[in-house]
Amino acid sequence: ASRAKATEALGGVLWWQGGVQECLATYRRALELQREVGDPGEIANALYNMALAVDFASPQGGTGVAESVAMLEEAEEIYRRLGDVGGLGDVAWGRGNAYLIDRDFAKAVEPFEASVDYYEQAGNEFGRGWGLYELGFVAIRRGDLEAAGRYFHDGLSLFAAHHDESAAVMLIAGPVPDCACGTRLCARVAYWTRNSLSVVGPIVEISWAPV
């Protein structure tokens, strides 16, 4: 069990260092080890980690989404048997990301909404914040700035309450550069971003108004 956990931890380090292929191989090995150990919760967590790595290692439109979703469905089945609502939130969030990476924005909405509901039931405010952030990201891709503003406002408010700047940084850096919705929309998103967030020390303060 300790070897499986150590391998999984190494996969996490490689993830944050940007070594996607190395992370993928390490998480794959961690999943194998967890299956040998046989703890259902740990297997589900390893499946979730592996699914995210598969997403980011696969080209858009490739086989990664199908493989990722299959792993998440297996994890979901385990979490349902265990009654793990937080785990169900993770799985829903992961499925939303699989569709988001594949640019199937309409299909990404339901799992992200489900993740917000599950995280609320589990009392996971950080998870709720990320689910709302992702819904805002999807709304931008679908050309709905008003909805994006609401989601970002609510999600970033949760981050602000927990003194976390990570989503604010991702919001500033993320939606604009590769937005496929057209130059005009990108410009409006950039304007909205500059005028709705200010990071003061560890606190994200929000004063959102539609552009």
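When a 1.4 Å probe is rolled over the protein heavy atoms, the share of accessible surface on region 1-159 that falls to carbon and sulfur comes to 51 percent. The mean accessible area for residues of region 35-146, using a 1.4 Å probe and ignoring ligands and nucleic acids, is 42 Å² per residue.
The value given for region 1-80 is a Kirkwood hydrodynamic radius of 12.4 Å, derived from the mean inverse Cα-Cα separation.
The values are calculated or read from the model by the stated rules, or taken from the named source; none is laboratory data. As the structure is a computational prediction, the values presented were derived from the model and not from experiment. In case anyone asks, the SASA skips ligands and DNA or RNA and just uses the protein heavy atoms, side chains included. Shrake-Rupley method; radii C 1.70, N 1.55, O 1.52, S 1.80 Å.
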